[in-house]
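Only the coordinates and a few stated rules stand behind these numbers; no lab work does. This structure is a prediction, so every number in the text was calculated from the model and none was measured. Here Cβ is always computed from backbone atoms with ideal geometry, including for glycine, and neighbour counts include all displayed protein chains.
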Amino acid sequence: MRRVVVTGMDVVTPIGVGLDRFWKAAQGGASGVRRITHFDPTGLPTQIAASLADPALLAELREAAALDPLEPRSAVVGVWAARGALEQAGAMEAVRGRRAGVYVGTAGERQDLREMGAMAYAGRGPGEPVTPRGFAGEFARRYGSDRLYRTLPQYLAARLAGMFGIEGGGGTLQTACTSSAQALGEALRAIRRGAIDVALAGGAECIVSPIEVQLFCLLGVMSRRNEAPETASRPFDARRDGFVMGEGAGFLVLEEAEHARARGARPLAELAGWGSTCDAYRITDEAPDGQGAVRAMRAALADARIQTTDVGYVNAHGTSTPMNDRVETAALRQVFGSHADRLLVSSTKSMIGHTISAAGAIELITTVLALRDQVAPPTINYQVPDPDCTLNYVPNTPVAAPIRAAISNSFGFGGHNDCLLVRAHDP
């Protein structure tokens, strides 16, 4: 089987832009959760998020990536992270042509329904009804004919392919919270089967908008700790009351090991296993027995051909919702048995919130960094133990430990479950 290694990666997160800043902040237990300021959240049950809506930051990222002002936020952060990953890998030339692919997890750009409605009415003539043609004409007048396409999920993958000359295929994955994890898994599989030699894979999401916050509030799954935003995301803590929406992007360069060696690239880790399952249960939450998660983790371990005792660190899905954290804990105990008590388990979402489509990629990058530096980042805001969550969640302070292999879990709406396994690269 063709082995696949990680040769480059980069991130944009609410606690740091770029690997070094992000990793330093993560080890320091920084929180990126704040009150929402780019629209007025007054009256909403949840008024906090870990967003990337700061105009100065976005302008800086646009300029660095040479992007025009019409690029959606999700594309801006996605292009920035993708370019950084390619630069770290020294792979700008390696991804040109038909032996490279691009795999992206994203939902595209969410539109403000109030603005869309205003354009629909502005596009009608005197005494005429609202029509699709009138709306499209007004949209094009305001933003240009290609702006609507830029909001679609497939736009970022096409943008990256055109920007970097990637001709070997790939695509866009949209499986909610597992989107970018599944994108990485599909890239892994494409390289293994010989369809391509190198892939740019990851995800981007800027989802904090009036309509999205309203919708998640209706589902009743978000934290309402509006008075203390920095402590709102508290995975596995007994007083957790829901997740916090986050925004960000993470991209990795994956290569067939011999391809990387031939061009002198230095692997950061080996992406050795992937498991992907579906609960076939509900569209809004995971099955309470956790069997889909169990099967995904076992599949990743079998794919990598390693034992449970080889795994030292788990980057948990860890959303900070009462059910998810309890179910994930039980699933980890079922998979790892007595070894579960020796695992270091932490949730990056405690610091950056839930970045939805981008979560899997950002959290795999965190996992690779933990493997590289032999240190598990913390789960912050962990104060009160939950009798149903009984693992070592690395509370509040990073822990140095020998880590030979690690897994990153992603579980999404619709019952999607993905587990990615990395280990130190041994030539």
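Any chance you could check the Cα centroid distance between the stretch 182-196 and the stretch 241-260 for me, in angstrom?
15 Å
Only four residue types carry charge here, +1 at the Cβ of Lys and Arg and -1 at the Cβ of Asp and Glu. Report the dipole size of the chain about the Cα centre in Debye, rounded to the nearest 20.
Taking the Cα centre of the chain as origin, the dipole is about 500 debye.
List the residues of the stretch 364-394 whose backbone N lies under 12 Å from a point placed 7 Å from the Cα of Q307 along the Cα-to-Cβ direction.
What the label zone holds, given the 12 Å backbone N cut-off, is no residue at all.
Under the √(5λ) rule applied to the eigenvalues of the Cα gyration tensor, what semi-axes describe the equivalent ellipsoid of the stretch 70-223? Give them in Å, descending.
Output for the stretch 70-223: semi-axes of 34, 19, 12 Å.
Within the stretch 239-255, find all residues whose amide N lies under 13 Å from a label point positioned 7 Å from the Cα of L219 along Cα-to-beta-carbon.
242-246
At 0.36 nm per residue, minus the direct Cα-Cα distance, what do N392 and C278 gain on full extension? Give it in nm, one decimal, please.
38.3 nm
Could you work out which residue, out of M245, M323, M351, moves most in a Gaussian network model of the chain, that is, has the largest mean-square fluctuation with Cα springs under 10 Å?
Result: M323 has the largest fluctuation of those listed.
Within 10 Å of each residue's Cβ, count the other Cβ atoms and sort F139, F251 from fewest upward.
F139, F251
Want the number for A401 to R372: 0.36 nm per residue separation, take away the alpha-carbon distance, what's left?
Gain on extension, A401 to R372, equals 9.3 nm.
Which one of R263, R83, R189 has the biggest mean-square fluctuation once the chain is modelled by GNM with Cα springs under 10 Å?
R263
Say we join alpha carbon atoms closer than 10 Å with springs in a Gaussian network model of the chain; which of A269, A249, A65 then has the biggest fluctuation?
Maximum fluctuation in the GNM of the chain, among the listed residues, is at A65.
Which value in nm describes the separation of the simple spin-label points at T151 and R98, placed 7 Å from the Cα toward the beta carbon?
3.7 nm
With the dipole of the stretch 324-398 worked out from charges on the C-beta (+1 for Lys and Arg, -1 for Asp and Glu) around the Cα centre, which of N396, L369, I380 lies farthest toward the positive end?
L369
Tell me which DSSP H helices of the chain clear both cut-offs, 27 Å or more of axial length from alpha-carbon atoms and a mean Kyte-Doolittle hydropathy of at least 0.0. All intermediate terms of the calculation are to be shown ahead of the outcome.
Details: long enough: none.
Membrane-span-like by this criterion, though nothing is claimed about a membrane: none.
Per residue of the chain, what 222 nm ellipticity follows from adding -39500 (n - 2.57) for every DSSP H run with n ≥ 4, rounded to the nearest 500? It would help to have the intermediate numbers written out before the result.
Numbers: 14 runs with 150 residues, N = 427.
-10500 deg cm²/dmol, from helical runs alone.
Roughly how many nanometres apart are two label points built 7 Å out from the Cα toward the Cβ at D68 and R124?
Roughly 3.1 nm, to one decimal.
By count of other Cβ within 10 Å, fewest leading, how are Y103, Y121 ordered? Let's see the in-between values first.
Working: Y103 31, Y121 11.
By the 10 Å Cβ count, ascending: Y121, Y103.
Could you give the length gained by full extension between D241 and D341, i.e. 0.36 nm per residue of separation minus their alpha carbon distance, to one decimal place?
Length gained between D241 and D341: 33.5 nm.
Have a look at A265, M245, Q334 and report the one farthest towards the positive end of the charge dipole of the stretch 220-344, computed about the Cα centre with Cβ charges (Lys/Arg +1, Asp/Glu -1).
The residue sitting farthest along the positive end of the dipole is Q334.
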